[in-house]
Amino acid sequence: MTILKKVYTLVFLRKDNKILLGLKKRGFGVNKWNGFGGKVEPNETILEAAARELKEESCVDVKTSELQNIAHLEFTFEGDPTMMDVRVFSANVFQGEPKETEEMIPKWFELNAIPYNDMWPDDNIWFPLMLSGKLFYGIFNFKGFNTILNYNIQELESMEAFYKIHK
Ligand SMILES: CNc1ncnc2c1ncn2[C@@H]1O[C@H](COP(=O)(O)OP(=O)(O)OP(=O)(O)O)[C@@H](O)[C@H]1O
């Protein structure tokens, strides 16, 4: 039974038909390529957390007004009562060049060369929706960290409308 919910951010930068991913050097998702993000702290908004985590992990600055919320993902892991509630954002306006940090090694990838084999297994399910500009809501139920027991994805008309009914 899911009884706890933790809110996370996940930010993808886009430039010239490329997407910025970071190779996680430690902690949850170590050795996987992913967007940049982490837990929302109690004293900040979700947008502030998204910009802060991007800065901490890649040294890139983004204005919160440039972050477009494109998806809501929910991850559960069999036997773990915590649900990860992940707010996904994309931005194509930002300041500074990505640099390696203690947490991530950043790299731009061509959209036809995304390293799905070295990413979370849910990514190759929902990246195509993100890359075709769709808004969506996905839930994924994992067994361990490599097996998806079941999932469901729904395309959305607008994120605002979704959050009006999904609190
Ligand atoms: C299960 N399938 C998944 N697929 C794609 N992305 C996933 C994911 N599960 C977690 N994520 C993302 O991974 C980051 C973890 O963040 P994480 O490093 O744990 O957070 P934070 O930096 O606050 O932690 P510490 O400060 O190290 O405790 C965070 O962006 C979160 O959205």
Condition met for residue 62 (crowded, with 17+ Cβ neighbours inside 10 Å, hydrophobic (A, V, I, L, M, F, W, C) and away from the ligand (no atom under 14 Å from the Cβ)): yes
Somewhere in region 40-58, is a residue more than 10 Å from the ligand (Cβ to nearest atom) and under 18 Å from residue 16 (Cβ atoms)? yes
Within the bounds of region 76-92, is there any residue that is under 30 Å from residue 149 (Cα atoms), more than 13 Å from the ligand (Cβ to nearest atom), part of a strand (DSSP E or B) and out of contact with any Cys (no Cβ under 7 Å at 6 or more places or on another chain)? yes
Result of the Cβ filter at 6 Å on region 146-167, keeping first residues that are without any contact (Cβ under 8 Å) to a residue 12 or more places away in the chain and partners that are assigned to a strand (DSSP E or B), at least 6 apart or interchain, is 150/141
Result of the Cβ filter at 7 Å on region 31-55, keeping first residues that are touching a residue at least 12 places away in the same chain (Cβ under 8 Å) and part of a loop (DSSP other than H, G, I, E, B) and partners that are acidic (Asp, Glu) and near the ligand (Cβ under 8 Å from one of its atoms), at least 6 apart or interchain, is 37/53; 38/53
Does any residue of region 16-25 turn out to be within 7 Å of the ligand (Cβ to nearest atom), closer than 20 Å to residue 133 by Cβ and either free of Cβ contacts under 8 Å to residues at least 24 places away in the same chain or surrounded by 13 or more Cβ atoms within 10 Å (Cβ to Cβ) (or both)? no
Being within 14 Å of the ligand (Cβ to nearest atom), touching a residue at least 60 places away in the same chain (Cβ under 8 Å) and surrounded by 17 or more Cβ atoms within 10 Å (Cβ to Cβ) is the requirement here; does residue 120 meet it? yes
Would you check if there is a residue in region 153-163 being of a type outside the set (Gly, Ala, Ser), touching a strand residue (DSSP E or B) at 6+ places or on another chain (Cβ under 7 Å), within 30 Å of residue 59 (Cβ to Cβ) and modelled with pLDDT of 95 or more? yes
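The values are calculated or read from the model by the stated rules, or taken from the named source; none is laboratory data. As the structure is a computational prediction, the values presented were derived from the model and not from experiment. Neighbour counts run over all protein chains shown; Cβ positions are idealised from the backbone, glycine included.
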